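Q: Before I ask anything, here is the structure I am working with.
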Amino acid sequence: MKRITPHFKLNKQERNGVFFLLFLIISIQIGYICYRSFPSKNEAGSLAIDSVRSVEIEKLKTKSLEQNNAPQYDFNPNFITDYKGYALGMSVAEIDRLLEFRSQNRFVHSAAEFQKVTQISDSLLGAMKGRFRFPEWTKQRKTTYGNTNKTFDTASNAQKNAINSATAEALREIPGIGEKLSVRIVKFRDRLGGFMVMEQLYDVYGLEAEVAERVFKRYSVQNVPDIQSINVNEASVSQLVKLIYIRYAVAQEIVSYREQNGPFRSFSELEKITDFPFDKIDRIALYLSL
């Protein structure tokens, strides 16, 4: 034993060397384990970027799917906005021609007139015109291209009574119109200064469409009132609220938008005004100018 023991005896320097070697081996192993456990900066950044991109891609896919499945609504081509025109396939020049035409307070009344103004191709017109919806009053109007006079063809209505001179008592003879509703119709008409088109009866609060159509059978707009239009680019808030369709808060929004963005180029821009009753723009536009 005494002879074997000296072979395993280490001096201080040798022991220090063994300990250093063990420490080095253990440090390398720990470092390797840590390296495998935690991704590098580049890998983490790549994962983060890929995660963000994946979310964006999913959003785009969802939006595209919603657009493809969204119902296609009919619209009045007089009020096509820049965005809608682009979505329909119109060029910038074609959209600008329409906006320029509308800036003169003029309307198109048929698909043929729309093509003449915008100069769109036959193929594009064919794809679009099935969704065109013009208000009924445009069919009664003398629709010479470029005509801006507010005159209506009333030959077919010769046997009807004049709605703008009808009394509340006379209106009560129509089934569905009682005392309160008849008074409300007359007050609404007087605030407008007279009905410009019969479709304005749809705007009378509480008057159902079915009852309004009964009025159409007995009455018509035989004398269009001479209304001084309100310039939407110059009118003050107090002037704008004189139009029954525009509430005070909306009038303030119109003036504020105009001050920040400059004058309105077309009535379609009014769609950007919060709470503006754009679904009635066909009728409201009769009382406005640019």
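The values are calculated or read from the model by the stated rules, or taken from the named source; none is laboratory data. Everything quoted here is computed from the prediction, not taken from an experiment. Virtual Cβ from ideal backbone geometry, glycine too; neighbours counted across all protein chains shown. Please note that ligands, DNA and RNA were not included when accessible areas were found on the heavy atoms of the full protein model with its side chains. Shrake-Rupley method; radii C 1.70, N 1.55, O 1.52, S 1.80 Å.
Q: Just the residues that are open to solvent by 10 Å² or more (accessible area, probe 1.4 Å) and out of contact with any strand residue (DSSP E or B) (no Cβ under 6 Å at 6 or more places or on another chain), please, taken from region 102-116.
A: SER103, GLN104, ARG106, PHE107, HIS109, SER110, ALA112, GLU113, GLN115, LYS116 - these are the residues of region 102-116 that are open to solvent by 10 Å² or more (accessible area, probe 1.4 Å) and out of contact with any strand residue (DSSP E or B) (no Cβ under 6 Å at 6 or more places or on another chain).
Q: Now for a separate question. List every residue pair whose Cβ atoms sit under 6 Å apart, with the two residues 6 or more apart in sequence or on different chains, where the first one lies in region 250-265 and is within 16 Å of GLN239 (Cα to Cα) and the second, anywhere, is at pLDDT below 90 and of a type outside the set (A, V, I, L, M).
A: As it stands, the answer is VAL250/ASP275; VAL250/PHE276; GLU253/THR274, since those pairs meet every condition given.
Q: Considering only residues that are open to solvent by 50 Å² or more (accessible area, probe 1.4 Å) and touching an Asp or Glu at 6+ places or on another chain (Cβ under 8 Å), which ones fall in region 117-132?
A: Correct list: GLN119, ARG131.
Q: Look through region 266-290, keep the residues that are among the polar types (S, T, N, Q) and either open to solvent by 40 Å² or more (accessible area, probe 1.4 Å) or assigned to a helix (DSSP H, G or I) (or both), and return whichever of them is nearest to ASN233 (Cα to Cα).
A: Out of the qualifying residues, it is SER268.
Q: Output yes when any residue across region 62-71 is in a helix (DSSP H, G or I) and modelled with pLDDT of 75 or more, and no when none is.
A: no
Condition check ((1) at pLDDT below 85; (2) part of a helix (DSSP H, G or I); (3) of a type in the set (A, V, I, L, M, F, W, C); (4) open to solvent by less than 60 Å² (accessible area, probe 1.4 Å)) across all residues:
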position: GLN159; (1), (2), (3), (4): yes, no, no, no
position: VAL186; (1), (2), (3), (4): no, yes, yes, yes
position: GLN200; (1), (2), (3), (4): no, yes, no, yes
position: GLN222; (1), (2), (3), (4): yes, no, no, no
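Q: For PRO175, indicate whether it is closer than 30 Å to ARG97 by Cβ, open to solvent by 20 Å² or more (accessible area, probe 1.4 Å) and not in a helix (DSSP H, G or I).
A: No: the conditions fail for PRO175.
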